[in-house]
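Heads up, the thing below is written out as structure tokens.
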Amino acid sequence: MLNTFEQQQAIEFLQQDTLRNIVPLKMLTAHPERIQTHYAATGDGAAALLLFPTATFAYDRATYADFDLIVILSARALDAAQALLAQIPRDRKLIFKLMDPAVQALLATQWPMQRITAFVSYTADAAAHFEPDPAVVTATTVDPRLLPHLATQGHDQAEIEHYFSHGDGRSFTLFQYAEPAAVCFTYQNFDTIHEIGGVFTMPSARRQGYARRVVQSAVHSLRQRELQPRYQVHEANGPSIALAEQIGLNRFVTVAHWRYEPR
């Protein structure tokens with residue numbers, strides 16, 4: 001699937017708005033060899049198309065096992081997006097992940113699709129201040145006690161070990177009686193953007209502000225290392241959205257998931 005030159009063109013285009021395009025950039029960073037990448041440029045702008053099997057990433061593997069491919073299309077000009085449509089199969093079951101309603105409307109003219117869900121991403125302004133919690137334990141290696149909890153958030157062991165293997169991963173944990181009460185971890189998405197993921201609180205420890213304490217400590221750690229945090233939340237997860245906004249994070253992109261099945 002790898003087309004190095006075209007993939008590099010796509011990355012350079014996506015980097016023109018790194019935050020908006022963090023999802024395709026994250027995918028290309030993690031598994032460039034598994035992603036079919038196409039790029040088109042016109043007088044008005046450019047577009048990049050990514051196609052890869054649903055088994056490529058743990059979340060898609062668990063959530064969209066009955067579908068064949070993930071499709072991500074980012075465009076600054078609809079005529080450039082139009083030039084890439086011939087690369088998208090019509091006889092496969094597809095999941096589209098889209099950031100732009102105009103691109104979605106263009107695709108829907110040829111691939112009648114249904115909206116499934118969406119994820120909202122937040123980040124921190126450079127001037128914002130975040131206090132670390134002294135009780136939160138930070139680690140640069142994977143603590144086996146955390147793995148079952150992170151798995152409930154869609155992160156399998158192989159994926160987590162991959163994120164920590166390059167020395168960029170960090171976990172942030174509040175313990176009660178030597179057992180994790182709340183946890184999250186950070187890992188590189190693309191360049192200096194690092195995601196805060198796997199946020200989990202034990203049922204017995206919920207509604208006590210523990211998730212807020214680990215997330216705020218994670219944001220502080222990233223900022224101290226001159227990295228930009230990304231906090232992704234499911235659109236229906238009211239408590240996580242409230243947490244992000246209470247600690248001072250700002251929404252920057254919404255990625256909607258759409259399904260298409262051939263008739």
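Condition check ((1) among the basic types (K, R); (2) touching a helix residue (DSSP H, G or I) at 6+ places or on another chain (Cβ under 7 Å); (3) surrounded by fewer than 18 Cβ atoms within 10 Å (Cβ to Cβ)) across all residues:
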residue: A65; (1), (2), (3): no, yes, yes
residue: S74; (1), (2), (3): no, yes, no
residue: K93; (1), (2), (3): yes, no, yes
residue: L98; (1), (2), (3): no, yes, no
residue: P101; (1), (2), (3): no, no, yes
residue: A105; (1), (2), (3): no, no, yes
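Among the residues in the stretch 78-86, are any within 23 Å of M27 (Cα to Cα), in the same structural domain as H234 (by TED's automatic domain parsing) and touching a strand residue (DSSP E or B) at 6+ places or on another chain (Cβ under 8 Å)?
Looking for residues that are within 23 Å of M27 (Cα to Cα), in the same structural domain as H234 (by TED's automatic domain parsing) and touching a strand residue (DSSP E or B) at 6+ places or on another chain (Cβ under 8 Å), one finds none in the stretch 78-86, hence no.
Could you check how many residues of the stretch 1-56 are under 21 Å from the mean Cα position of the chain (by Cα) and in a helix (DSSP H, G or I)?
The qualifying residues number 25.
Take S171 and tell me if it is among the polar types (S, T, N, Q), in contact with a Leu (Cβ under 9 Å, 6 or more places away or on another chain) and in a helix (DSSP H, G or I).
No: the conditions fail for S171.
Suppose the filter is within 23 Å of F57 (Cα to Cα), exposed (fewer than 13 other Cβ atoms within 10 Å of the Cβ) and not charged (D, E, K, R); does T109 pass it?
The answer is no for T109.
Sort through G154, G198 and tell me the only one that's at positive phi and either part of a strand (DSSP E or B) or in contact with a His (Cβ under 8 Å, 6 or more places away or on another chain) (or both).
G198
For the list (1) among the basic types (K, R); (2) over 21 Å from P132 (Cβ atoms); (3) crowded, with 22+ Cβ neighbours inside 10 Å, I need the number of the one condition that R230 fails.
Condition (2) is where R230 drops out.
For the list (1) in contact with a strand residue (DSSP E or B) (Cβ under 6 Å, 6 or more places away or on another chain); (2) at pLDDT 95 or above, I need the number of the one condition that Q16 fails.
Checking Q16 against (1) in contact with a strand residue (DSSP E or B) (Cβ under 6 Å, 6 or more places away or on another chain); (2) at pLDDT 95 or above, the one that fails is (1).
Of the conditions (1) in contact (Cβ under 8 Å) with a residue 40 or more places away in the chain; (2) among the basic types (K, R); (3) closer than 30 Å to I11 by Cβ, R225 clears all except one; give me its number.
(1)
What residue, among those in the stretch 137-184 that are among the charged types (D, E, K, R) and farther than 20 Å from Q208 by Cα, is surrounded by the most Cβ atoms within 10 Å (Cβ to Cβ)?
In this case the residue turns out to be R170.
For the structure I just gave you, tell me whether F57 is crowded, with 16+ Cβ neighbours inside 10 Å and at pLDDT 95 or above.
no
Which of the following residues is in contact (Cβ under 8 Å) with a residue 24 or more places away in the chain and closer than 23 Å to P89 by Cα: L14, L19?
L14 is the lone residue from the list that is in contact (Cβ under 8 Å) with a residue 24 or more places away in the chain and closer than 23 Å to P89 by Cα.
For the stretch 75-93, indicate whether the set of residues that are modelled with pLDDT of 95 or more, in a strand (DSSP E or B) and farther than 28 Å from T192 by Cβ is non-empty.
Checked the stretch 75-93: no residue is modelled with pLDDT of 95 or more, in a strand (DSSP E or B) and farther than 28 Å from T192 by Cβ.
Only residues that are more than 30 Å from W111 (Cα to Cα), part of a loop (DSSP other than H, G, I, E, B) and of a type outside the set (A, V, I, L, M, F, W, C): list them for the stretch 218-263, please.
R225, E226, G248
Of the residues A205, A218, which is modelled with pLDDT under 95, assigned by TED's automatic domain parsing to the domain that holds V183 and either of a type in the set (S, T, Y) or under 22 Å from A182 (Cβ atoms) (or both)?
A205 is the lone residue from the list that is modelled with pLDDT under 95, assigned by TED's automatic domain parsing to the domain that holds V183 and either of a type in the set (S, T, Y) or under 22 Å from A182 (Cβ atoms) (or both).
On the given criteria, is R207 more than 22 Å from the chain's Cα centre (by Cα) and part of a helix (DSSP H, G or I)?
In short, no.
The values are calculated or read from the model by the stated rules, or taken from the named source; none is laboratory data. Being a predicted model, the structure only gives us computed values, none of them experimental. Glycine gets a Cβ as well: all are built from the backbone with ideal geometry, and neighbour counts include every protein chain shown.
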